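The values are calculated or read from the model by the stated rules, or taken from the named source; none is laboratory data. None of these values were measured; they are calculated from a predicted model. Note that we place each Cβ from the backbone using ideal geometry, even for glycine, and neighbour counts take in every protein chain shown. Accessible surface is based on the protein model in full, side chains and every heavy atom, while ligands, DNA and RNA are left aside. Shrake-Rupley method; radii C 1.70, N 1.55, O 1.52, S 1.80 Å.
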Amino acid sequence: MNWNGILIGVASFLIIGIFHPIVIKGEYYFSKRIWPIFLVLGLVFLGISLLVENALGASLLGVLGCSCLWSIGELKEQEDRVKKGWFPRNEKRKDYPF
């Protein structure tokens with residue numbers, strides 16, 4: 001039996017689930033200006049995934065890298081959700097455009 005597909009599916013679900021609060025907290029404390037961190041990490045993880053010979057490891061690094069890149073757009077969306085009042089605004093930050 002080959003469990004790799006199930007392991008990749010479960011790990012992908014967990015990685016994506018972990019990134020949701022990371023984006024929320026990142027926007028809350030640092031604003032969407034932290035997008036370059038997600039860009040660099042995403043490219044690094046994708047680059048490493050190209051070098052890993054193990055299919056399971058390469059797949060998980062690919063999911064991790066793509067999740068980092070996807071989070072760049074989610075930071076902007078999170079800022080919009082804060083504007084709509086769906087999420088709390090960090091009153092200590094003075095750099096809000098609204």
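Computed over protein heavy atoms with a 1.4 angstrom probe, the accessible surface ordering of TRP3, TRP70, largest first, is TRP70, TRP3. Looking at the chain, the pairs of alpha carbons with a distance over 20 Å make up 44% of the total.
Apply the Karplus parameterisation 6.51 cos²θ - 1.76 cosθ + 1.60, with θ equal to phi minus 60°, to every residue of the range 76-81 and state each ³J(HN,Hα) to the nearest whole Hz, in sequence, with x for glycine and proline. Once θ is set to phi - 60°, the couplings for the range 76-81 become 5, 4, 5, 4, 5, 5 Hz. Each Cα pair under 8 Å and six or more residues apart adds its sequence gap; the mean of these over the residue count of the chain is a relative contact order of 33 percent. Only lysines eight or more places from LYS94 in sequence, or on another chain, were considered; those with a Cα closer than 17 Å are LYS25, LYS32, LYS83.
Taking a point 7 Å out from the Cα of ARG81 in the direction of its Cβ, the residues of the range 24-50 whose backbone N falls within less than 13 Å of it are 24-28. Each residue of the range 1-42 gets 56 Å³ once the volume of the Cα convex hull is shared out per residue. Taking GLU79, GLU91, GLU53, GLU74 and ordering them by how much accessible surface each has at a 1.4 Å probe, largest first, produces GLU53, GLU91, GLU74, GLU79. Under 5 Å between amide hydrogens, built in the peptide plane, is the criterion, and for SER31 it picks out nothing among residues at least 5 positions away or on other chains. Scalar couplings 3J(HN,Hα) for the range 66-74, obtained by applying the Karplus form with A = 6.51, B = -1.76, C = 1.60 to θ = phi - 60°, are 5, 5, 4, 5, 5, 5, 4, x, 5 Hz; x denotes Gly and Pro. Excluding ligands, DNA and RNA, the accessible surface per residue across the chain is 68 Å² with a 1.4 Å probe. With all projection directions averaged, the alpha carbon convex hull of the range 44-94 covers 4.8 nm². Whole-Hz Karplus values for the range 45-56 come out as 4, 5, x, 5, 4, 6, 8, 7, 7, 6, 4, 5 Hz, taken residue by residue from phi with 6.51 cos²θ - 1.76 cosθ + 1.60 and θ = phi - 60°; glycine and proline positions read x.
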